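The values are calculated or read from the model by the stated rules, or taken from the named source; none is laboratory data. The shown structure was predicted, so the numbers you read here are calculated from the model rather than taken from an experiment. Cβ placement follows ideal geometry from the backbone for every residue including glycine, while neighbour counts extend to all protein chains displayed. Just so you know, the surface numbers come from the protein's heavy atoms only, side chains and all, with ligands and any DNA or RNA stripped out. Shrake-Rupley method; radii C 1.70, N 1.55, O 1.52, S 1.80 Å.
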Amino acid sequence: MVALGGKLSGIALPIQTPRLALRLPRRSDVPLLVRCLNDRAVFDPVFGRHTRLTESDEEAWVRASLRAAGRGEKLNLAITLREGGTHIGGIGLEIRDPDNRRGWIGYWLTKAYWHRGFGSEAASAICEVGIRKLGLHRIDAHVFDFNPRSMNLLRRLGFAVEGKKREVLFRWGKWHDEVLFGLLREDFRSTGVAR
Ligand SMILES: CC(C)(COP(=O)(O)OP(=O)(O)OC[C@H]1O[C@@H](n2cnc3c(N)ncnc32)[C@H](O)[C@@H]1OP(=O)(O)O)[C@@H](O)C(=O)NCCC(=O)NCCS
């Protein structure tokens, strides 16, 4: 991986926001990952696959995330509450196109923690790292067409719709589009400072 991606390994972890700490995942996170990610409310908008996630999927994901972070290619982080450390979700930042300073983000929260601004707070912090610390010029995010919560979150941070991939997912007896969002660095609106 080239220079820009390598800079990821220089990011101080955990990334702290007013209410959250974004830390590397651990083997001990696996049971919660399996339970929460298989909740249909989370699984359907996040995964294109149709089969449930297993413990071994998530063990492999934790191992791969730690390797990728070590190589400075990708930051897959657990979203935890600063107070008490409860693990409430996950967020990732990947430098997919370092030559053009372009990154990609994805995120999820356990349903019990939706609608309190935690998603925006975590996504804002990871975009802040991407834009201010890594110097990314743009960040991509892809959302299935049935996920207005995620689209609202992205718009709040300054992302704009740039197009869509038509009928990429077959779910509930019909085809769904993937809406392509992009954020340019000058449009970024931080909702909270990453410390
Ligand atoms: C998408 C997802 C992460 C959004 O999480 P979230 O924390 O509910 O999202 P936000 O941070 O945008 O929440 C903002 C809402 O919380 C409300 N809120 C309550 N307390 C708040 C606070 N202290 N600060 C900010 N907002 C607060 C806001 O008013 C806002 O409501 P509105 O959307 O009706 O305007 C979450 O729904 C999720 O995990 N979904 C399943 C997985 C998923 O879709 N992942 C993305 C795939 S593309």
**Complete:** A correct Stokes-Einstein calculation for the chain, using the alpha-carbon Kirkwood radius, 10 °C and 1.306 mPa s, returns a whole-number D in µm² s⁻¹ of 94
**Asked** So, with a 1.4 angstrom probe, what is the percent of accessible area on the chain that is carbon and sulfur?
**Response** 51
**Asked** Using modelled backbone amide H atoms (1.01 Å from N, in-plane), which distant-in-sequence or interchain residues come within less than 5 Å of LEU24's amide H?
**Response** ALA78
**Prompt:** Hey, what do the phi angles of the stretch 22-29 turn into as Karplus ³J(HN,Hα) couplings, whole Hz, using 6.51/-1.76/1.60 and θ = phi - 60°, x for Gly and Pro?
**Reply:** 9, 10, 5, x, 10, 4, 6, 7
**Computed E for ARG27/ARG82 - FRET, C-beta separation, R0 22 angstrom, nearest 0.05** = 0.50
**Asked** What residues have an amide H closer than 5 Å to that of LYS74, excluding those fewer than 5 places away on the same chain, when H is modeled at 1.01 Å from N in the peptide plane?
**Response** ALA69
**Item:** Heavy atoms of TRP175: accessible area, 1.4 Å probe, square angstrom to 10
**Value:** 130
**Request:** Determine ³J(HN,Hα), in whole Hz, for all residues of the stretch 7-20 in sequence, where each value follows from phi through the Karplus function 6.51 cos²θ - 1.76 cosθ + 1.60 and θ = phi - 60°; x replaces Gly and Pro.
**Result:** 4, 4, 5, x, 6, 6, 10, x, 7, 9, 10, x, 10, 10
**Message:** Under the rule of at least 5 residues apart or a separate chain, name every residue whose amide H is placed under 5 Å from the amide H of GLY158.
**Reply:** ARG189
**Message:** If I stretch the segment between PHE146 and ARG185 completely, what's the gain in nm (0.36 nm per residue apart, minus their alpha carbon distance), one decimal?
**Reply:** 11.4 nm
**Item:** Phi to ³J(HN,Hα) by Karplus 6.51 cos²θ - 1.76 cosθ + 1.60 over the stretch 141-146, Hz, x for Gly, Pro
**Value:** 8, 10, 9, 5, 5, 9
**Prompt:** Can you count the Lys pairs in the chain with C-alpha separation below 19 Å, eight or more apart or on different chains?
**Reply:** 5
**Request:** Starting from the Cα-Cα distance between TRP172 and ARG35, subtract it from 0.36 nm times their residue separation and give me the gain in nm to one decimal.
**Result:** 47.1 nm
**Request:** Find the Cα radius of gyration of the stretch 5-71, compare it with 2.2 N^0.38 Å by division, and give the number to two decimals.
**Result:** 1.27
**Item:** Solvent-accessible area of ASP187 with every protein chain in place, 1.4 Å probe, in Å² to the nearest 10
**Value:** 70
**Asked** Whole-Å semi-axes of the stretch 87-195's equivalent ellipsoid, largest first, each the root of 5 times a Cα gyration tensor eigenvalue?
**Response** 23, 18, 12
**Complete:** Sorting VAL168, VAL34 on solvent-accessible surface, 1.4 Å probe, most exposed first, gives VAL168, VAL34
**Item:** Using a Förster distance of 22 Å, the FRET efficiency for HIS115-PHE43 (Cβ separation, nearest 0.05)
**Value:** 0.75
